[in-house]
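The structure that follows is given in the form of structure tokens.
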Amino acid sequence: MTDNWGYVAAGYAIVGSALGMYALWVRQRIRRLQRSLPDDDRA
Amino acid sequence: MKRLFLGATVLALAATLFLALYVTPPRENQGGEAVRLLYLHVPCAWLAYLAFGVTAVASALWLLPRTRHASWDLLAGASAEVGVLFTALMLVVGSLWGRPTWGTWWEWDARLTSTAILFFLYLGYLALRRTGATADERGTRCAIAALIAAADMPVVHFSVSWWQTLHQEGTVFNDKLDVKVNGSMAVTLLLAVAAFTMLYGYLVLQRFQLAQLEEGREERALQRAIEERVRADEVAVV
């Protein structure tokens, strides 16, 4: 049986980290904008 | 509600990971253990279709005067961005699977090439969304571009039937609707598609919310600038 676990590990690591980082990036930007909302209204 | 949905998504993804890495068997003719990349590659491909399909429908709804609403334009943009991410991942995972199975990272065959074109078309669409214009102009321009780009989707899907390709026929959606996996592989694939679809839903909702916040901020900034200008003009008159 061909052992190709290296490709599997790389695939799952890339997909997991890319999707996780994207979700965190979007969430962080939402929070930053939500925090700046009262400042905007005050100005 | 959103947290509950996110929790269910994470749970479904964890179950997929467990089944894909520990339960399903390897296949010698598909790269041995590398066949486990199927549970990433197929869901990513499905979500590329779904995401760009949603973009096309939302763009058409924006273009129709009766259904025109700013939300359609924002939804089209949000779905396209998530779709580009899934298309990029599909290409990367496909390449990782192709190396042990076909002996090459990349081949300029019809499926791979049309998918790469799809990726660059929607990358261009995202770039177009950032060009300076009013929200209306941008919406119309991008909606037309999205509908033109969507024409590549049937080419991608049917490329394996229309031309001789190194890429195999669809695992589930092929000409004869002959599902090429069964048993634990079929269950895992189905779960993977469901889990990734839930993740797509969550990401699009988040990206849509972000787009709404950004749009609101721009509108407020414009409103403030107009008010300041009016005040300045009034002072000048006095």
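Of everything in segment B:22-36, what is within 7 Å of another protein chain (Cβ to nearest Cβ) and in a loop (DSSP other than H, G, I, E, B)? Give them in sequence order.
First, the residues of segment B:22-36 that are within 7 Å of another protein chain (Cβ to nearest Cβ): B:26, B:28, B:31-34, B:36.
Residues satisfying the conditions are B:26, B:31.
I'm checking my understanding of the structure. Among residues of segment B:56-71 that are of a type in the set (Gly, Ala, Ser) and touching a Leu at 6+ places or on another chain (Cβ under 8 Å), which one is surrounded by the fewest Cβ atoms within 10 Å (Cβ to Cβ)? If you could, list the steps in order and put the result at the bottom.
Of the residues in segment B:56-71, the ones of a type in the set (Gly, Ala, Ser) are B:56, B:58-60, B:70-71.
With touching a Leu at 6+ places or on another chain (Cβ under 8 Å) added as a condition, the list becomes B:56, B:58-60.
Values: B:56: 21, B:58: 24, B:59: 28, B:60: 16.
So, considering only residues that are of a type in the set (Gly, Ala, Ser) and touching a Leu at 6+ places or on another chain (Cβ under 8 Å), the one surrounded by the fewest Cβ atoms within 10 Å (Cβ to Cβ) is B:60.
Which condition breaks for residue B:104 when tested against (1) within 14 Å of chain A (Cβ to nearest Cβ); (2) in a helix (DSSP H, G or I); (3) polar (S, T, N, Q)?
The number of the failed condition is (2).
Given the conditions (1) over 20 Å from residue B:183 (Cβ atoms); (2) modelled with pLDDT of 95 or more; (3) surrounded by fewer than 22 Cβ atoms within 10 Å (Cβ to Cβ), which single one is not true for residue B:15?
(1)
Do the conditions hold for residue B:127, that is, is it in contact (Cβ under 8 Å) with a residue 24 or more places away in the chain and more than 14 Å from chain A (Cβ to nearest Cβ)? Don't jump to the end; show me each part of the working.
On the way: in contact (Cβ under 8 Å) with a residue 24 or more places away in the chain: no; more than 14 Å from chain A (Cβ to nearest Cβ): yes.
Taking the combined requirement at face value, the residue does not satisfy it.
When only residues in segment A:11-35 that are surrounded by 16 or more Cβ atoms within 10 Å (Cβ to Cβ) and small (Gly, Ala, Ser) count, which is nearest to the other protein chains (Cβ to nearest Cβ)?
A:11
The values are calculated or read from the model by the stated rules, or taken from the named source; none is laboratory data. These numbers were taken from a predicted model, which means no experiment stands behind them. Heads up, the Cβs are rebuilt from the backbone with ideal geometry, glycines too, and the neighbour counts pull from every protein chain shown.
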